[in-house]
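Enquirer: The structure that follows is given in the form of structure tokens.
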Amino acid sequence: MNKFNLVVFLLLLVVCCGAVKQASAQTNLPNLSSVNIDDYNDQQIKSMMQQAQAAGLSDAEMLQQAHNAGLSDINLQKLQVRVKQIRSKESVINSADSSATGGRRLNYKPDSLDNGNQRDIFASLRPKIFGADLFSGKSKMFEPNINIATPVNYIVGPRDQLNINVYGKSIHDWSPVVSPDGSINISGVGILNVSGKTIENVTSLIKDRLIANNYAIGNGTSLSVTLGNGIRSIRVRLVGQLVRPSTYTLPSLATVFDALYMAGGPTENGTLRQIDVIRNNNIIRTLDVYDFLVKGNQKDNIALQDGDIIRVPTYRTRVELAGQVKIPALFEVLPGESLQNILDYAGGFTDSAYTARIKVSQIIDQQRRLTDIVEADYKNYIPLRGDKFTVESVLNRFENRINIKGAVFRPGDYELQKGLTLSKLIENAQGLKEDAFMDRGTITRLKPDNSTELIPFNLKNIINKTGDIPLQREDSVYIASKFDLRDKYTVAINGSVRKPGIAAYADSMGVADLILRAGGFSEGASPKRIKVARRISDADPQSKSGKVADVYSVDVDSQLKLDNVNFVLKPFDIVSVYSSPGYEKQKTVHIEGEVLYPGPYPIETKNEKISDLIAVAGGLTASADIEGGSLKRDNIAILGIDKNKSDTAAIAQERAEQFNRLKKTYKDSTDSTQPRNNYVGIDLPGILKAPGSGIDILLEDGDVLRIPKKEQIVRVNGEVLYPSAVVYDQAKSFNEYILNAGGLAPDALTKRAYVVYPNGTVKGTRKFLFFNVRPEVKPGSEIYVPKKPPHVGNTAQEILSFTAGFASLAAIILEILSLSK
């Protein structure tokens, strides 16, 4: 066998093993053919989803498993919708794709499905067996307890030690042990057979024997008989359909329920109603667990004896009761029991159950048949094997409901009384509100075919009793408010107020009232020349200079006192409050670096310039680099966008997008620097030579003037092999500085290289004929070499299409030339 055949064989072997494992896993799936998804609430569906996720299944794989387990296509679609709704509602983290067409696996663990202990992810969908959890480990109800006093019905047996105490006028003590033949020997009294008798009977027997032997029992002398060595153990065998059938050692006080608890209770196929207790090869009692569950009756829960056998056979008949009952489950039916008995076991109907009729799905030969059972036959219908009873809900409709909403004092649902009219309904709703729209109302009426029609009415006529309308079932009356029929009236205020914005309009509202609602004037506001813009409705659409608003100028009292101003606002007016002409906020600039007194300085006059700031700061120091002086200003045009004294989110977003586009196109290998886009390029030597000249620019609030020390290095960054700082040498050229940084990188865009000078100005490479003219390099400069933009080459298909096109063009040209000859 060559290597290729060996590889193919191994691959086939792996696939076959996987298929066998998957098939073995599928055989353990429950049968969901009778499941109706509508019978389960969201909590049960969610529990199934959690089980599937714990097993490493995505939602799509869970749905596939449900389909493999026999869930019908209709119920599979319903389950898919329910799963999708739960995922959407609760936003489960790391959830898989919930559609049935595919999904992503979540933390799949192969052994979670392939081993023998496969998770039952559909346990929440399967109906529970009534009473099955009574003996499970979750319940401690029948866990045997030996730390109790000896009960009077305790059966005495071999190896029991009896403490016999006579006390009072006469005192005697004996502690005999029951022999294997069931007798005790009381010294001075004799031998008594006590095996199989209760403590109460043994006490009476001993008392009679003591009296017969002239012991003065009574008349101040009493007898007490108890166990001396505690409760002995017995061995009981449990067989049949049990979770853990075996032989168990139990306290002799144990009952049948205690033994069933130790064995884990009956399995899914085990009966709960015909459990046999066998003693000496005879059935001495048949236990029905339902007597305890429904009635609390333990008459058959007898005490066990050594050697007893408890046998749990398979159930005979079991039916399902689902829908609107208090305990939906699978119920075991004994001969002679009716559907009414099953309803009693289920606790009866829920409050929303439709009780007049129950649907039953019966097994008839090779198929099912649906039958309706009326309420009168509940006591007569005998459940059959495999019956599934479904109790439905009452219909979500009313036979005598009407509704009124809108401008009435008590909107809502009302009873349709005999002869009820629209005017009477309005009276029942405590009448109309003051804002009711009187000219028109509507009645939405349900027609016999369940379609709707709209019936309008004049509310004035209804109130004046000049016309009335009789009402019908499910009529819905709507009375509008006049406020619902117009835009909400508001007014706006902006400018120099403490809380600018929009406020609700009220009749007779004045400008001062609106300013008061806006928190009053802000600092520096002027109460004079307040502008009010008002909407107009008679604008000339044909006029280019037509008015778009009526603007009024209003003066108010600076203290907002009541005055005689009669100007009243109207809805949608916009009020603008301005600052006083002479009001100015203080402005501050900073000077840093090589000056005698660096720090913040206030601007005293509107025409204060850079030279004035340097003079105020005491002038430059001896080590100042005049050519490197720079001015940082935040309110300058950045990337082509004008920015004045304020910024907006839109401007900031546009600036960021432009910068990102530039950065994406010209990106260096280190990406260690960004364009200095907030510096003004100034000529500080020229400013100091000619103070007050045109290049000596005016200062603005927040400006930062920086005078650096003289630098002797040049930084080289961008697409170079080793970005670094190089000592400045006047004799070095632009290219020599790049060589000192290791030279150009492969992606360097040399024709776009530029120099950033210490004062913030930038100079780029320019072209002269076929030569690149590099900018001058000065001390403290930074040389920056950008990166080439990514090159998009032609694909083989594009080249082929170009070639085919050229060939076609050449053929056409040849054809034309041949025709011309």
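Enquirer: In sequence order, what are the phi-derived ³J(HN,Hα) couplings for region 508-513 according to the Karplus relation 6.51 cos²θ - 1.76 cosθ + 1.60 with θ = phi - 60°, rounded to whole Hz, with x for glycine and proline?
Expert: Those phi angles translate into 6, 6, x, 4, 4, 5 Hz.
Enquirer: So how far, in whole Å, is the C-alpha centre of region 684-716 from the one of region 505-564?
Expert: Using only Cα atoms, the two centres lie 47 Å from each other.
Enquirer: Ranked from the most accessible area to the least, with a 1.4 Å probe and all protein chains present, what is the order of Asp59, Asp181, Asp747?
Expert: Sorted descending by solvent-accessible area, the residues read Asp181, Asp747, Asp59.
Enquirer: Another question, if that's okay. Could you calculate the contour length gain from Asp344 to Lys606, that is, 0.36 nm times the residue separation minus the distance between their Cα atoms, to one decimal place in nm?
Expert: Stretched out fully, the Asp344 to Lys606 stretch lengthens by 84.7 nm.
Enquirer: Taking amide H positions as placed in the peptide plane 1.01 Å from N, state which residues far from Gln241 in sequence (5 or more) or on other chains have amide H under 5 Å from it.
Expert: Val312
Enquirer: For Tyr414, Tyr378, what's the largest-to-smallest order of accessible area, 1.4 Å probe?
Expert: Tyr414, Tyr378
Enquirer: Could you tell me the calculated FRET efficiency between Ala615 and Val727, based on Cβ-Cβ distance and R0 = 41 angstrom, to the nearest 0.05?
Expert: For Ala615 and Val727, the calculated efficiency is 0.75.
Enquirer: Using r as the Cβ-Cβ distance of Tyr354 and Arg473, and R0 as 22 Å, what FRET efficiency do you calculate, to the nearest 0.05?
Expert: Computed FRET efficiency for Tyr354 and Arg473: 0.65.
Enquirer: With each label point set 7 Å from Cα along the Cα-Cβ vector, what nm distance links Val152 and Lys379?
Expert: A separation of 4.0 nm, rounded to one decimal place.
Enquirer: Lys732: which aspartates and glutamates have alpha carbons under 15 Å from its alpha carbon, excluding same-chain residues fewer than 8 sequence positions away?
Expert: Lys732 reaches Glu776, Glu782.
Enquirer: Name the trypsin sites (Lys or Arg not before Pro) in region 438-531 that are in a loop by DSSP and that have at most 16 other C-beta atoms within 10 Å, would you?
Expert: Arg440, Lys465, Arg473, Arg486, Lys488, Arg498, Lys528, Arg529
Enquirer: List the residues whose amide H sits under 5 Å from the amide H of Ile234, counting only those 5 or more places along or on another chain, with H placed 1.01 Å from N in the peptide plane.
Expert: Amide H neighbours of Ile234, under 5 Å, 5+ apart: Leu250, Ser252.
Enquirer: Lys433: accessible area at probe 1.4 Å, nearest 10 Å²?
Expert: Looks like 80 Å² after rounding.
Enquirer: Between Thr249 and Arg209, how many nm apart are label points set 7 Å from Cα along the C-beta direction?
Expert: 3.0
Enquirer: Heavy atoms only, 1.4 Å probe, whole protein assembly: order Tyr478, Tyr345, Tyr597 by accessible area, highest first.
Expert: If we order Tyr478, Tyr345, Tyr597 from most to least accessible, we get Tyr597, Tyr478, Tyr345.
Enquirer: If you don't mind, there's one more thing I want to ask. List the residues whose amide H sits under 5 Å from the amide H of Gly323, counting only those 5 or more places along or on another chain, with H placed 1.01 Å from N in the peptide plane.
Expert: It is Val391, by chain and number.
The values are calculated or read from the model by the stated rules, or taken from the named source; none is laboratory data. Since this is a predicted model, take the numbers as computed values, not measurements. We place every Cβ from the backbone using ideal geometry, glycine too, and count neighbours over all the protein chains shown. Just the protein is used for accessible areas: all its heavy atoms, side chains included, with ligands, DNA and RNA removed. Shrake-Rupley method; radii C 1.70, N 1.55, O 1.52, S 1.80 Å.
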